[in-house]
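The values are calculated or read from the model by the stated rules, or taken from the named source; none is laboratory data. Everything numeric in this text was worked out from a predicted model, so none of it was measured. Neighbour counts are summed over all protein chains in view; Cβ atoms, including those assigned to glycine, are modelled from backbone coordinates with ideal geometry. All accessible areas refer to the heavy atoms of the entire protein, side chains included, with ligands and DNA or RNA removed. Shrake-Rupley method; radii C 1.70, N 1.55, O 1.52, S 1.80 Å.
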Amino acid sequence: MKRLFVFVCVVAFATLLLAGCGKSGSKGKVGLSFSDFATERWSRENDQMTKLLEEKGYTVISQEANHDVKLQNDQIENMVSQGVKALIVIPEDGAACATAVTAAAKKGVKVLAYDRLIKSPDIAAYLSFDNVEVGRQQAKGVLKVVSKGNFVLLGGSPTDNNAILFRQGQEEVLKPLIKKGDIKVVADQWVENWDAANALKLMENILTAKKNKIDAVVASNDGTALGALQAMKAQKLAGKVPISGQDATADGCNSILKNELTVTIFKDTRNLAPKAVELVDKLLAGEAIEGLQQFDLAGLTGDKKMTGKVNCAFLPVVQITKENVQSEIVKSGFQKKEDVYRDIPADQIPKD
């Protein structure tokens with residue numbers, strides 16, 4: 001009798017445990033496809049989205065492609081074969097990724113392009129920040145310091161459509177001054193994989209070719225800017241030549257406080273992941289989604305050959321300089337105070 005009682009208890013416990021596990025994934029599977037985890041923010045946002053999706057009752061499958069275009073497509077196909085109902089994709093290459101995404105969409109999978117555009121009209125939505133405005137604010141930040149002379153443009157990865165949009169915004173601001181003759185673009189380079197080491201090499205070559213005669217650098221994110229700054233430091237140009245960044249990384253903000261990086265653009269990514277989860281949940285429920293706007297792929301990509309429209313939601317951005325690092329980045333909790341003020345003299349660190 002005792003053995004029977006124990007057996008019944010074990011079976012009951014196992015049943016409850018399995019029921020609990022089933023409940024956590026009761027709404028089906030959602031796949032997360034990341035281009036890489038080398039970029040500071042992606043690992044953090046992976047954890048955030050996973051937590052939020054699981055709280056809503058989804059089972060999450062997450063994979064990272066380590067900058068490998070083919071691997072990412074294979075991973076997307078694999079997640080579709082595992083039965084995901086939706087995919088949130090940060091593409092390594094927005095054009096190459098379209099193949100796997102289009103195939104997924106044809107099987108009824110809802111695909112959300114997260115922060116980076118996937119060049120396919122078959123995606124359910126594209127969620128990002130106002131990336132053209134990012135470029136505008138980068139150029140404006142540099143122009144506050146220098147509005148004439150030899151300018152260097154350091155774009156991001158040529159496979160990332162955001163890099164194209166940043167450049168659109170930068171050129172929108174700079175072109176009138178270029179046309180006027182106040183600004184001369186002496187170098188225009190794209191940094192593969194947004195890699196700081198690649199930016200360092202490019203800037204070393206630029207400085208050698210131009211004999212250090214540069215007056216400003218419009219770089220497209222903090223990583224590439226900090227890479228370029230290493231080359232500029234070697235030539236004693238850091239702090240003398242303004243340079244822009246993006247993402248308000250801890251290292252970028254610290255560099256601003258050290259009077260090296262001039263400006264970074266703050267995209268509060270804490271708001272992006274919850275919005276992505278909300279969009280996916282509504283898409284799968286077939287609910288109406290407010291705030292989406294349709295944009296032509298041709299306009300989003302700068303490629304007139306692209307056809308079709310995409311539903312988009314863009315979040316605002318904020319320009320960060322030495323004056324508002326504390327109020328916008330530290331007080332909001334986006335970055336830790338000890339990281340932002342690392343190696344800064346005590347008398348220059350706010351007490352609040």
Worksheet item: How would you classify segment 127-283 from its alpha-carbon gyration tensor, with a ≥ b ≥ c the square roots of the eigenvalues: rounded for a/c under 1.5, else prolate if a/b is greater than b/c, otherwise oblate?
Response: prolate
Worksheet item: Which of the GluC sites (Glu not before Pro) found in segment 303-352 are in a DSSP loop and have at most 15 neighbouring Cβ atoms, other than their own, within 10 Å?
Response: GLU323
Worksheet item: Using a ≥ b ≥ c from the Cα gyration tensor of segment 172-236 (square roots of the eigenvalues), is it rounded, prolate or oblate, where a/c under 1.5 gives rounded and otherwise the larger of a/b and b/c decides, a/b for prolate?
Response: oblate
Practice prompt. Determine the sum of side-chain charges near LEU284: Lys and Arg each +1, Asp and Glu each -1, restricted to other residues whose C-beta is under 13 angstrom from that of LEU284.
Written response: +3
Worksheet item: Which whole-number percent gives the relative contact order of segment 160-277, counting Cα pairs below 8 Å spaced six or more residues apart?
Response: 19 percent
Practice prompt. Return the distance in nm (one decimal) between the two label points of a simple spin-label model at ARG342 and LYS213, each offset 7 Å from Cα along Cα→Cβ.
Written response: 3.8 nm
Discussion item. Can you give me the angle between helix 97-106 and the longest principal axis of the chain, using Cα atoms only, in degrees from 0 to 90, rounded to the nearest 10?
Written reply: 30 degrees
Item to complete: Along each of the three principal axes of the Cα atoms of the chain, give the extent in whole Å, ordering the values from largest to smallest.
Response: 89, 55, 35
Fill in: Members of LYS29/LYS275; LYS233/LYS267; LYS211/LYS258; LYS107/LYS275; LYS184/LYS305; LYS119/LYS304 lying beyond 22 Å, as alpha-carbon distances in this model show
LYS233/LYS267; LYS211/LYS258; LYS107/LYS275; LYS184/LYS305
Worksheet item: Can you give the relative contact order of segment 276-352 as a percent, counting alpha carbon pairs under 8 Å and 6+ residues apart?
Response: 16 percent
Worksheet item: What's the FRET efficiency of SER43 with VAL185 using the Cβ-Cβ distance as r and R₀ = 41 Å, to the nearest 0.05?
Response: 0.70
Practice prompt. Considering only protein heavy atoms, with the full assembly of protein chains and a 1.4 angstrom probe, order THR224, THR50 by accessible area, largest first.
Written response: THR50, THR224
Discussion item. Net charge within 14 Å of GLN335 by Cβ-Cβ distance, Lys/Arg positive one each and Asp/Glu negative one each, not counting GLN335 itself?
Written reply: 0
Worksheet, complete the sentence: Rounded to 0.05, the calculated FRET efficiency for the beta carbons of ASN324 and LEU177 at R₀ = 30 Å is 0.75
